[in-house]
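Take a look at the structure set out below.
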Amino acid sequence: MAFPLLAYFFSMVMALAIAVAALVGFGDSQLHTTRLPHYPAVSIIAGSDSDALTNSEKAKEAQRVAEARKAAEARRAAEAQKAEARKNAKKQAMLARVRRYNALAYGYASGGARLFSYAPGLEHY
């Protein structure tokens, strides 16, 4: 009984590992083929030792990352505020239910401060 379950589990884990390895390998190969190689000889011939295009790309990417981080922080803050409001609303609803139950159970709704009884004939006590 346990052996088939273990074999199935390990086969699923291996299948997942193979799929992840294939996807990572494919992404890595795509990264290597789409990125233009940097030839230092070209920049030396052109008279500049640093690649201005790469530096501007890095600056733009850093700016995008900073903006994305700010947006994510704002989103998290809004979600936290919504969650806090939801929690407070649930708490208020629960307190209202308890007050309503207590008012009905102890007879406050009818003006008297007596315990409500379900037994017939004891409504006047």
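Just so it is clear, none of the values below were taken in a lab; they were calculated from the coordinates. Here the structure is a predicted model, which means the values were calculated and not measured.
Descriptive notes on the structure:
- Extension gain, ALA85-LEU23: 0.36 nm per intervening residue step, less the Cα-Cα distance, totals 18.2 nm.
- The gain in end-to-end length when the ALA7 to ALA71 segment is fully stretched comes to 18.5 nm, 0.36 nm per residue minus the alpha carbon separation.
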